[in-house]
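**Q** Handing you a structure now.
Bear in mind these aren't lab numbers, they're just calculated from the coordinates by the rules spelled out. Since the model is a prediction, treat every value here as computed from it, not as a measurement. Every residue, glycine as well, gets a Cβ built from its backbone with ideal geometry; the counts of neighbours run over all protein chains shown.
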Amino acid sequence: MRAPGIVRRGLGVSGVVDHGTRRRRAAYRRVVWGGGEVLVTVGLLLLLLVVHQLWWTNRQAREGAERKVQALEKEWGTGEEEGKGKGDGQEQGAGVSGAGSGSGGSAGGGASSGGGSGASTESGRAQGTPRSSQAYAVLSIPRLGLRVPVAEGVGKRDVLNKGYVGHYPHTQQAGQTGNFALAGHRNTHGEPFRYINWLRRGDEIDVETAAGRYVYVVDRTLPQTSANDGGVIREVPRSTVRPAYGYSAPGYYITLTTCTPEYTSRYRLVVWGKLTSMRPR
C-alpha cells in the first residue's frame with residue numbers, strides 16, 4: 001500500500017524541478033532577447049552616425065561651399081564680359097625674388113604652421129589680410145573638377161567642416177613671393193581634398209581673389225609625412241621629416257595638405273605647385 005504514495009511524492013519532486021528549469025530558461029531567453037535588442041539599437045545608431053558623417057556632412061558642406069563660391073563671384077563681378085574687357089595683355093609671368101624661410105607654432109587641421117606673410121600681391125595691388133574664418137578666394141583644380149572657397153585659418157568648426165579649404169595663418173597669400181599654404185579635409189565635410197593624390201606634375205591649380213587670378217602648376221608630391229612636419233609650409237617649403245622632398249630656393253609656391261591614409265589623421269599628404277601666371281582684375 002506504500003508504493004503508490006512513494007510514486008506520488010516522486011512525481012511531485014519531478015514537477016517542481018521541471019517548473020524551476022522552465023523559469024530559468026525563460027529568464028535566459030529574456031536576457032538574450034534584451035541583449036539582442038540592445039545590440040540592434042546600437043548597430044542602428046552606429047549606422048546612422050556613419051551615414052551622417054559620410055553622406056549628410058558631405059552634402060551639407062558641398063551645398064554651403066557652392067553657395068559661397070557663387071557669392072564671391074557675384075561680389076567680384078566675374079564673368080566673360082569682364083574677362084574680355086581685361087584683354088590678353090595682362091597675363092604676367094611670375095618672377096623669383098629673395099625670400100627666407102621661417103618657422104612658427106602649430107596650426108590645427110594640417111601640418112604645423114611656419115613662415116611670414118607679405119602685405120601686397122606681386123602685381124602691386126594691395127591685398128589686405130583676411131579676417132579669421134573669412135572666405136576670400138576660390139580654389140579651382142580642373143583635373144579634379146574642384147571649385148571651393150578658401151577661408152583664412154585652418155580651424156575645423158569655422159573653416160574646414162564647412163567644406164572650405166583653409167589658408168594657414170602666417171603663410172603668404174596667393175601671388176606673393178613665398179608659400180601660399182592650404183589645408184582641406186580628405187574625408188567627410190565636403191572632402192575637397194579627397195583626390196589630391198590624383199594630381200600629377202603639370203596639372204593646373206587656379207586661385208581667384210578680389211585682386212586677380214593666379215595660376216599654379218603642380219610640381220612635386222610628398223606622399224606621406226608627419227602631421228607635425230612644419231617644413232612643408234615654410235616660405236621655401238622642404239620637409240623636415242623627409243628632407244629629400246621640397247625646395248632650396250625662394251619662389252612662388254602653393255602647398256596643398258590633407259590627411260593620409262584615408263579616414264585617418266595620422267599622417268599628411270602634400271602637393272606642391274609653382275606660380276606660372278597672374279592676371280590682376
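**Q** Provide the net charge surrounding residue 249, with neighbours chosen by a C-beta distance below 12 Å and charges set as Lys +1, Arg +1, Asp -1, Glu -1.
**A** +1
**Q** Can you give the net charge of the other residues whose Cβ lies under 14 Å from the Cβ of residue 220, counting K and R as +1 and D and E as -1?
**A** Neighbour charge sum, excluding residue 220 itself: +3.
**Q** Here's a follow-up. Sticking with the crude label model, points 7 Å out along Cα→Cβ, report the distance from residue 37 to residue 67 in nm, one decimal please.
**A** For residue 37 paired with residue 67, the spin-label model returns 4.1 nm.
**Q** What is the sum of charges around residue 188, taking Lys and Arg as +1, Asp and Glu as -1, for the other residues whose C-beta is under 13 Å from the C-beta of residue 188?
**A** Counting the neighbours of residue 188, the net charge comes to +4.
**Q** Using Cβ counts within 10 Å as a stand-in for footprinting exposure, how do 170, 19, 185 rank, fewest first?
**A** Starting with the residue having the fewest Cβ neighbours, the order is 19, 170, 185.
**Q** Would you mind calculating the gained length between residue 59 and residue 157 on full extension (0.36 nm times residue separation, minus the Cα-Cα distance), in nm to one decimal? Present the calculation step by step, with values, prior to reporting the outcome.
**A** On the way: separation 98, 0.36 × 98 = 35.28 nm, distance 1.62 nm.
Answer, rounded to one decimal: 33.7 nm.
**Q** Using Cβ counts within 10 Å as a stand-in for footprinting exposure, how do 269, 160 rank, fewest first?
**A** 269, 160
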